[in-house]
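What follows is one structure encoded as structure tokens, with my remarks underneath.
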Amino acid sequence: MEIEELYQEVILDHSRRPRNFGELPDAAVRVHGDNPACGDEIHLAVKFDAGGGLEDIKFTGRGCAISQASASLMTMKLKGKSRKEAVEMLHAFHDLVTNDAGDASKPLGDLRVMKGVRNFPQRVKCAMLPWRAVEQAFEQGAGEATVSTEPT
């Protein structure tokens, strides 16, 4: 099996059976994200630990396979991470899906399956939507917020 086929299988699996999908009743921050260009929506809920790290993270929403798989993979990777580790991963993921420089030296692991997205510039926003939501959650700290892939 070609590596691209394997990556497609992983993305389809995560979009059909997303991990960490559901409500998080005691969330400190809730971020609603949308991508008007293709209709993706994500509702991210985050609970911080005493040190400001990600104690728990869940999402709901609907959208294309790329956005749902990205959210599923992201929540698996970020749960339990410190704020510093999460921000490093966010930047590494952005590099991975936007330019050829983003590569193996970064701590991405399973997230590398999203690498092919960079070949489809219109899909980068789909892959980045959950990451923009978690970035907003860190900025917000508490309460509710909204992010969009399109400038307002």
Would you mind stating whether E88 is of a type outside the set (S, T, Y) and part of a loop (DSSP other than H, G, I, E, B)?
no
Would you check which residues across the stretch 121-152 are in a loop (DSSP other than H, G, I, E, B) and at pLDDT 90 or above and list them?
G141, A142
The stretch 134-152 residues that are in contact (Cβ under 8 Å) with a residue 40 or more places away in the chain, paired with ones that are surrounded by 12 or more Cβ atoms within 10 Å (Cβ to Cβ) and of a type in the set (S, T, N, Q) (beta carbon under 6 Å, 6 or more apart):
A145/Q136; V147/Q136; T149/N35
So G22 passes all but one of these: (1) touching a strand residue (DSSP E or B) at 6+ places or on another chain (Cβ under 8 Å); (2) at negative phi. Which condition number does it fail?
(2)
Which one is farthest from V117 (Cα to Cα), of the residues in the stretch 49-63 that are touching an Asp or Glu at 6+ places or on another chain (Cβ under 6 Å) and surrounded by 15 or more Cβ atoms within 10 Å (Cβ to Cβ)?
E55
Unmet criterion (only one of (1) surrounded by fewer than 19 Cβ atoms within 10 Å (Cβ to Cβ); (2) at pLDDT below 95; (3) in contact with a Gly (Cβ under 8 Å, 6 or more places away or on another chain); (4) not small (G, A, S)) for E41:
(2)
All conditions in (1) crowded, with 16+ Cβ neighbours inside 10 Å; (2) out of contact with any strand residue (DSSP E or B) (no Cβ under 9 Å at 6 or more places or on another chain); (3) of a type in the set (D, E, K, R) are true of R17 except (1)
Subset of the stretch 20-47, residues farther than 21 Å from V124 by Cα and touching a residue at least 60 places away in the same chain (Cβ under 8 Å), comes to A28, V29, R30, V46
Out of (1) surrounded by fewer than 19 Cβ atoms within 10 Å (Cβ to Cβ); (2) under 27 Å from E150 (Cβ atoms); (3) of a type in the set (G, A, S), the one G33 does not meet is (1)
Pick from the stretch 38-69 the residues that are part of a loop (DSSP other than H, G, I, E, B) and touching a helix residue (DSSP H, G or I) at 6+ places or on another chain (Cβ under 6 Å): which of them is farthest from V134 (Cα to Cα)?
C64
Hey, can you tell me all the residues within the stretch 91-107 that are without any contact (Cβ under 8 Å) to a residue 24 or more places away in the chain and either part of a helix (DSSP H, G or I) or within 22 Å of E4 (Cβ to Cβ) (or both)?
H91, A92, D95, L96, N99, D100, A101, G102, D103, A104, S105, K106
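The values are calculated or read from the model by the stated rules, or taken from the named source; none is laboratory data. Keep in mind that what you see is a predicted model, and the values were worked out from it rather than measured. As a convention, Cβ positions derive from the backbone with ideal geometry for all residues, glycine included, and neighbour counts pool all protein chains shown.
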